[in-house]
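Working notes for the structure below.
Read the figures in this text as sums done on the coordinates, not as results from a lab. Small disclaimer: the values here were computed from a predicted structure and weren't measured. Note that we place each Cβ from the backbone using ideal geometry, even for glycine, and neighbour counts take in every protein chain shown.
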Amino acid sequence: MANSIDAVYMVEASRELRNAQKQLLCGPDAPSSESKSGFHSPSKYNGKQIVWTDTIKSIPNEADKMPFIIAHEFFDALPIHSFQSASAPPPQPKASSPTSPAQPPPENTKPAMEWREMMVSPTPPGVTHAQLGTPKSQQDEPPPEFQLTLSSTPTRHSRFLPETSTRYRKLKNMPNSVIEVCPDASIFATDFATRIGGSEQYRKTKPSGAALILDYGTSDTVPINSLRGIRHHKRVNPFSAPGLVDLSADVDFTAIAEVAMSASEGVEVHGPVNQGDFLELMGIRERAEQLTKAPGVDKETADKIDGAWKRLVDKGPDGMGKLYKALAILPENDGRRRPVGFGGDVLG
C-alpha cells in the first residue's frame, strides 16, 4: 500500500509544529520546497512527499484519487459559538389608526423565545473568583481579563446558526437552554464527505477513500459549556493568559454526521463509538503484547507500552476510553457491511 501513496498532506497552521513534524518525519537535513499547495519535504521512511498546508482547501480534490483522511484531536480546536435561549421582548401594542388607542396584548400570552449569543467581554474591575464561579482548581491565578456574557439582543450569528438544525430548534423554546455550534466543523465535514463520495460540484465516477475522526465530545447530545483552557497539561480558565492557553471544546459528532450525510449521497457514517471499544476491536491489546515481547524491549519500555494502551481504552475517570470517540465517513454501500471497529469483523 505504501507504494500506492501519491503524497501525504498535513493541515497545520503552526510554523513551530510544522518544523517539529518535519524533523520527525523527514529528518533535519531533508530538502524543502514550496508550491501553491504548501511546503514540501520527502519522508525519510519511503521518500514520499509530505506537504504542509494552512488549510484543507489547498489540498487538490481530484476525482481519480482515493483520499484517506485522519482528523485526530482536530475538531476540538476549531472555534465555536455559544448560544442561550431567552424570552424575546413582548411585541409593542399597535394602534388601528393614528387617533385610536393602542390595543394591549392578550393576557396570559406565552412569551416567544429567541437565541442570544454568549459574547466575550471584559471582566469588571475588582471582580472575584467567587463572583465568576471559578472552580477551586483554577483559583491560583488572578481572575481572568475576559468572561462570557449574554448579549442583550440577538446577533447575526444567533439569528442564523441555531436555525441550521432541528436539534437546536427543538431546544429553543426551553428557557435558558445552552448550545454550542461550530460552523468550521460543518465546513470540514462537508469537505471530507465530498472528497470521498462526490457531489454535484465535485463529480466522482465511484465513491472511494475514508475519513476517521478521533476526538473527545458528545455521542448524541449537543455540547454545552464545554469551552476549556489547557496550559502545561492542566485545565485553566479559557480566558486566562490570552495567547498562551490552548483552547478546546467538545466535538458535536452528531452534527458532523448530519452534515456529512447531507453533503454527499455517496457516503455513509458509522459511529460515534467510544475510543476504548474502537481500539479494542482494532486489536490494540494484541498489538501491544507483540510490541512488549519484541526483541530488545526491556521491562521499563514494556511497562510504558502496557500502561499507555490501557489508559487509551480505560473508561474510568482517569482514562481516555470513554471520553474520546471515533467516527468514520465511508463510501455508501447500502449498509451491507459495517467496518471493523464499528461493529463489523474482518472477512477472510
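Structural remarks
- Antiparallel bridges, percent of DSSP beta bridges restricted to the chain (to nearest 5): 75 percent
- Label-point gap, in nm, between SER32 and THR205 - each point 7 angstrom along Cα→Cβ: 3.8 nm
- Phi angles across region 71-76 convert, under the Karplus curve 6.51 cos²θ - 1.76 cosθ + 1.60 with θ = phi - 60°, into 3J(HN,Hα) values of 10, 9, 6, 9, 5, 5 Hz, Gly and Pro given as x.
- Nearest-20 debye value, the chain charge dipole, Cβ charges on Lys, Arg, Asp, Glu: 340 debye
- Of all the options ALA112, ALA71, ALA294, the one that moves most in a Gaussian network model of the chain with Cα springs shorter than 10 angstrom is ALA294.
- Helix axis angle, 253-263 relative to the chain longest principal axis, alpha carbon, degrees: 80 degrees
- PHE160-GLU289 pseudo-label distance in nm [points 7 Å out on the Cα-to-Cβ vector]: 5.5 nm
- Distance histogram for region 1-60 (every C-alpha pair counted, 5 angstrom bins, percent rounded to whole numbers): 4, 20, 31, 26, 16, 3, 0
- By average C-beta atoms within 10 angstrom, highest first, the peptides 38-45, 267-274: 267-274, 38-45
- Dipole of the chain, positive end: most advanced residue of ILE230, PHE74, LEU171 [Cβ charges, Cα centre]: LEU171
- Of all DSSP beta bridges in region 1-60, antiparallel share, percent nearest 5: 55 percent
- The GNM of the chain, with springs linking C-alpha atoms under 10 angstrom apart, assigns the highest mean-square fluctuation among GLN138, GLN84, GLN201 to GLN201.
- Zone of ASN61's modelled label, taken as backbone nitrogen in region 188-223 under 11 Å from a point 7 Å along Cα→Cβ: 188-204
- 27 Å Cα-Cα threshold exceeded, pairs from LYS57/LYS234; LYS36/LYS204; LYS234/LYS322; LYS170/LYS325; LYS206/LYS322; LYS172/LYS322: LYS57/LYS234; LYS206/LYS322; LYS172/LYS322
- With one equal scatterer per alpha carbon and no solvent term, the Debye-computed log10 I(q)/I(0) for the chain at 0.09, 0.10, 0.12, 0.15 1/Å reads -0.67, -0.81, -1.11, -1.50.
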